[in-house]
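Notes follow the structure.
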Amino acid sequence: MAHHEESHSHVTVLPPDKEKIKKLWTVAGILGIITALEFAVAFLVPHEYANVRVWIFITMTIVKAAYIVGEFMHLRHEAKVLIWSILIPLIFIVWMLVAFIYEGTSISDARF
Amino acid sequence: MASTSTTSVQAPGRSIWDGGVSPMGASYGKLMMWFFLLSDAFTFSALLITYGLVRSSHPGYSGEVESFVFSPEYWPVPEKVFDAVPFLHGVELPLVFVGIMTFILIMSSVTMVLAVEAGHRMDRAAVEKWMLWTIIGGITFLSCQAWEWTHFIIGTDAGTVVKQIINGQEVTRTIFGANLMENQYGPPDFAGFFFFITGFHGFHVFSGVCLNFLVYFNTVMGVYDRRGHYEMVEKVGLYWHFVDLVWVFVFTFFYLV
């Protein structure tokens, strides 16, 4: 056992970074609150306002995604070139989204 | 990470891209994880966007939400499909269980990021603690999903009565639950997408739990202490956060919209 302890004695353990940990919990709190708000919208905004609902949901989802990718995945604090290498290709997803929804509406119009 | 030695980079006649340094200020492993996740994001986007296409090419339910009934004629209102909670049979609690699952996954993302923070400080005991919580969160989420799938497949007590034309004759029969051919909730595609999207995500969670366990095991064995850094925790952490990220989108586009 003594030998076991010794073999790790060269590892220097730093004290917890209180500020950083507090910040992480704040982000978690924000994510929780937004999710709770999504529930509020789901049950308080009537289904007749379908477009309003959808846009609120999409906005909230993007805000949540930004916090997860920016803070939890630490992307916001990486080198600029890395940030852009990840964000710019997402244009393809935006394009696919626009194209497919357009196509879907056309199919819908043709069928009904 | 950002403190890559700048003196050697600035040597005359050498660009940052000539080798020997990491131009993006991240290690090879982290960089590759980022690009893998980017490709994975494309896969999930393809699934979710195709869901959008197929959904918008089906008629939606146009009546009052209160009087909604299941029918293969139109796309169902998700909150009417996912309204069951374990141990509360017959009680209508729309989206409550999915909400619980969402919170579980967000919490496990927090414990993961705390493990990464502990790894930066070489604090083995804290990494062990937070990795274990993350694994527990992942397993809890998977268990919830197993329950939800079971409920979805078995269906409600009453099922849905449909009229079909089989061999030229009109036949009335009741469909219970769901499979890849038909389901009681709506058009066949609805269940198909449920199985593929939540299944593909669930498989990611499962792989994530396996990877987390591997990292936990290595931490306990002192592998990262001997290596001198806990970067593996960071890399697997990236993957785990991505799984949480995907769920945020699945939650919105499959359950809320």
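Results, tabulated for the structure shown:
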| quantity | calculated |
| --- | --- |
| The stretch B:171-197, subset hydrophobic (A, V, I, L, M, F, W, C) and assigned to a loop (DSSP other than H, G, I, E, B), residue farthest from B:Trp149 (Cα to Cα) | B:Met181 |
| Residue list for the stretch B:66-85, restricted to those being surrounded by 13 or more Cβ atoms within 10 Å (Cβ to Cβ) and part of a loop (DSSP other than H, G, I, E, B) | B:Phe68, B:Phe70, B:Ser71, B:Pro72, B:Tyr74, B:Pro76, B:Val77, B:Phe82, B:Asp83, B:Ala84, B:Val85 |
| Selection count where residues are touching a residue at least 12 places away in the same chain (Cβ under 8 Å) and either among the hydroxyl-bearing types (Ser, Thr, Tyr) or surrounded by 15 or more Cβ atoms within 10 Å (Cβ to Cβ) (or both), scope the stretch B:18-42 | 11 |
| Tally, over the stretch B:220-234, of residues that are within 12 Å of chain A (Cβ to nearest Cβ) and surrounded by 20 or more Cβ atoms within 10 Å (Cβ to Cβ) | 3 |
| Residues satisfying the stated conditions in the stretch B:57-70, i.e. touching a helix residue (DSSP H, G or I) at 6+ places or on another chain (Cβ under 8 Å), at pLDDT below 85 and more than 8 Å from chain A (Cβ to nearest Cβ) | none |
| Test set (1) touching a residue at least 12 places away in the same chain (Cβ under 8 Å); (2) within 11 Å of another protein chain (Cβ to nearest Cβ) - B:Thr252 fails condition number | (1) |
| Any hit, the stretch B:117-126, residues being part of a helix (DSSP H, G or I), within 13 Å of B:Phe213 (Cβ to Cβ) and not aliphatic (A, V, I, L, M) | no |
| Meets criteria (modelled with pLDDT of 90 or more, more than 7 Å from chain B (Cβ to nearest Cβ) and surrounded by fewer than 16 Cβ atoms within 10 Å (Cβ to Cβ)) for A:Lys20 | no |
| The one condition in (1) of a type outside the set (Asp, Glu); (2) within 16 Å of B:Trp34 (Cβ to Cβ); (3) buried (at least 16 other Cβ atoms within 10 Å of the Cβ) that A:Thr61 fails to fulfil | (2) |
| Residues being of a type in the set (Val, Ile, Thr) and more than 7 Å from chain B (Cβ to nearest Cβ) - total across the stretch A:72-112 | 5 |
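Here is a yes/no grid of residues against (1) acidic (Asp, Glu); (2) free of Cβ contacts under 8 Å to residues at least 12 places away in the same chain; (3) touching a strand residue (DSSP E or B) at 6+ places or on another chain (Cβ under 9 Å); (4) more than 7 Å from chain A (Cβ to nearest Cβ):
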| site | (1), (2), (3), (4) |
| --- | --- |
| B:Arg55 | no, no, yes, yes |
| B:His89 | no, yes, no, yes |
| B:Glu92 | yes, yes, no, yes |
| B:Thr102 | no, no, no, no |
| B:Val116 | no, no, no, yes |
| B:Arg124 | no, no, no, yes |
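The values are calculated or read from the model by the stated rules, or taken from the named source; none is laboratory data. Since the structure is predicted, the reported quantities are computational estimates derived from the model, not experimental observations. A quick note on method: Cβ atoms are made from the backbone with ideal geometry, for glycine too, and the neighbour counts reach across all protein chains shown.
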